[in-house]
Amino acid sequence: MNETKRLHMITWGCQMNVYDSGRMADVLAPLGYVPSATPEDADMVILNTCHIRDRAAEKVFSELGRLRVMKDARAEAGHKMVLAVAGCVAQAEGAEILARAPYVDIVLGPQTYHKLPEMVARAARAGGAVIETDFPPEDKFDHLPEATAPQGITAFLTIQEGCDKFCSFCVVPYTRGAEMSRPVAAIIAEARRLVAQGSREITLLGQNVNAWHGVGLDGQPTSLGTLVRLLAKLPGLDRIRYTTSHPRDMDDDLIAAHGEVPELMPFLHLPVQSGSDRILAAMNRRHTAADYLALVAKLRAARPDIALSSDFIIGHPGETEADFEATLALIRAVGFAQAFSFKYSARPGTPAAGAPMQVPEADKDRRLQTLQALLRQQQAEFNLSVEGQVMPVLITGAGRRPGQIGGRSPWLQPVHLDGPAHLIGREIPVRIVIGKPSSLAGTLVEELVQA
Ligand code: SAH
Ligand code: SF4
Ligand code: F3S
């Protein structure tokens, strides 16, 4: 038996990092590591990092400074704190981390998590820092343990990783490596385990999730539409989502699945980044604004109540006032239920970082404010539009007040209502009373809810 050790994790970045943190905990569990909510008393701290924007990466170094003090205090008390940096900053800046923070014990890239136990052993033996940022030839998913800790009512399941798109601004192809797709059998087996552990909603994850083309049960490459149809047959799985999609990989079969599979939720995060064809070309997105609008029209024809979400980058090199106006025009034409928007951040090693015509910060700030005001208004209008509706809400937990419960609408809106705790984990009909700017208030439709 291994003695119990405490593991504290800090996770930044996308949902895939959240999933990965869970898998790292799964890998370490047989060694006796149990999750700890605080770093002070931890035997091991893992920072799972994000490199997508400048500020995301800087957070890592300030957190490391804070942890160093705790690590020293623990050493004085005669205990070791193993400090590990994982994720995309580890992959992109492994050597720099060890130079700037020599007290870090382990640096590991996203493709090496299955080697964590071996790295912990090496760090304990050698005392020096261990760094693993190669893209190993073996597939980490073949070496990660089958056993997973329960994720809860909503769960993530990575089906695809890496990206071959090389958008001008983006670090992901460098930090996550080439596209790979997990096979159908492995995905279904993991989905079954999640459902058996109580998950009712699964979000399929991938940096380019709709480029997934895993080997099917017949040995042939399969498309995401087919996978969704297979998963929808799993008893107990009420809801399926997938993220993040690229407009170029939205094929007709997947669009059709939105119209045919009730378990597939009527909400799609489909980042467009810009509404200007000039900037879309400079970004290497390989689609136009008109292509995107045509795609939205097809999706709405297949599933009229589908709501859309997107990501926008403001101030990509070369963006003029006219380009920005084109982005606003696209937003008005689509009408988004929700969106994320970011100021362009030059990332080392990406093509756009060295491009001429970088946009001044003041212009980026002003444009971002205008854009976010429009997106906020659209979100508020969308939330208002569902007032009075009775909709299925998946209850995921207790609310902030006693007697309150909360969950998610099919369109991913947070919903709060008064109701008994035994409804947690169930999808129940809720009448929406108020559509607030970023959440909904509802009431139980009593006669429809069986005790
Ligand atoms: N795979 C997804 C996006 C992954 S990154 C896609 O293809 O759309 C998440 C979001 O971060 C991106 O959609 C983009 O809007 C933003 N982003 C990526 N690189 C950025 C950069 N250098 N500066 C600002 N935002 C960036
Ligand atoms: Fe980055 Fe583009 Fe790949 Fe998305 S599609 S992960 S934005 S390179
Ligand atoms: Fe960040 Fe890496 Fe995800 S850079 S957004 S954690 S893929």
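The values are calculated or read from the model by the stated rules, or taken from the named source; none is laboratory data. Only a predicted model underlies this, so the values are computations on that prediction, with no experimental measurement involved. In this analysis, Cβ positions are derived from the backbone assuming ideal geometry, glycine residues included, and neighbour counts consider all displayed protein chains. Accessible surface is based on the protein model in full, side chains and every heavy atom, while ligands, DNA and RNA are left aside. Shrake-Rupley method; radii C 1.70, N 1.55, O 1.52, S 1.80 Å.
Taking a Cβ-Cβ separation under 4.7 Å as the criterion for a possible partner, which cysteines of the chain have none?
Unpaired cysteines in the chain: Cys14, Cys50, Cys88, Cys163.
Which parts of the stretch 326-346 would a label at Gln389 reach, counting a residue when its backbone N lies under 12 Å from a point 7 Å out along Cα-to-Cβ?
337
Calculate one ³J(HN,Hα) per residue across the stretch 143-154 by plugging θ = phi - 60° into the Karplus curve 6.51 cos²θ - 1.76 cosθ + 1.60, and present them in order as whole Hz with x for glycine and proline.
Rounded to whole hertz, the list is 10, 6, x, 6, 5, 10, 5, x, 9, x, 5, 10.
What share of Cα pairs, in percent, lie more than 24 angstrom apart in the stretch 104-246?
Counting every Cα pair in the stretch 104-246, those more than 24 Å apart make up 40 percent.
Where does the stretch 213-327 land on the Kirkwood hydrodynamic radius, alpha-carbon pairs, in angstrom?
The answer is 15.6 Å.
Over the stretch 128-285, with the other protein chains present, what is the accessible area per residue in square angstrom, probe 1.4 angstrom?
On a per-residue basis, 37 Å².
Pull up all non-local amide H partners of Lys343: gap of 5 or more, or a different chain, and H-to-H distance under 5 Å with H placed in the peptide plane.
Ile314
What is the ratio of the Cα radius of gyration of the stretch 88-185 to 2.2 N^0.38 Å, with N the residue count, to two decimals?
1.23
Mean residue ellipticity at 222 nm from the helices of the chain, using -39,500 (n - 2.57) per DSSP H segment of n ≥ 4 over the full residue count, to the nearest 500 deg cm²/dmol?
-11000 deg cm²/dmol
Taking the stretch 390-448 on its own, what percent of its Cα-Cα pair distances exceed 15 Å?
Beyond 15 Å sits 35 percent of the P(r) for the stretch 390-448.
If we restrict to alpha carbons, what Rg and Dmax does the stretch 140-385 come to, in Å?
18.9, 56
Counting only other residues whose beta carbon sits under 10 Å from that of Asp43, what net charge do I get with K and R as +1, D and E as -1?
+2
At a 1.4 Å probe, what is the % contribution of carbon and sulfur to the accessible area of the stretch 390-448?
57 percent
Rg and Dmax of the stretch 299-451, using alpha carbons, in Å: what are they?
Cα-based Rg and Dmax for the stretch 299-451 come out at 20.0, 64 Å.
Cα convex hull of the stretch 5-132: how many Å³ per residue?
Spelled out: Cα convex hull of the stretch 5-132, divided by residues, is 95 Å³.
Is the stretch 216-276 rounded, prolate or oblate when judged by the Cα gyration tensor, a ≥ b ≥ c being the square roots of its eigenvalues, rounded requiring a/c under 1.5 and prolate requiring a/b larger than b/c?
Here the stretch 216-276 falls in the oblate category.
Going by amide H atoms built from the backbone, whose H comes under 5 Å of the H on Val130, apart from near neighbours?
Ile106, Val107
How would the chain be classified by its alpha-carbon gyration tensor: rounded, prolate or oblate, with rounded meaning a/c under 1.5 and the a/b versus b/c comparison settling the rest?
oblate
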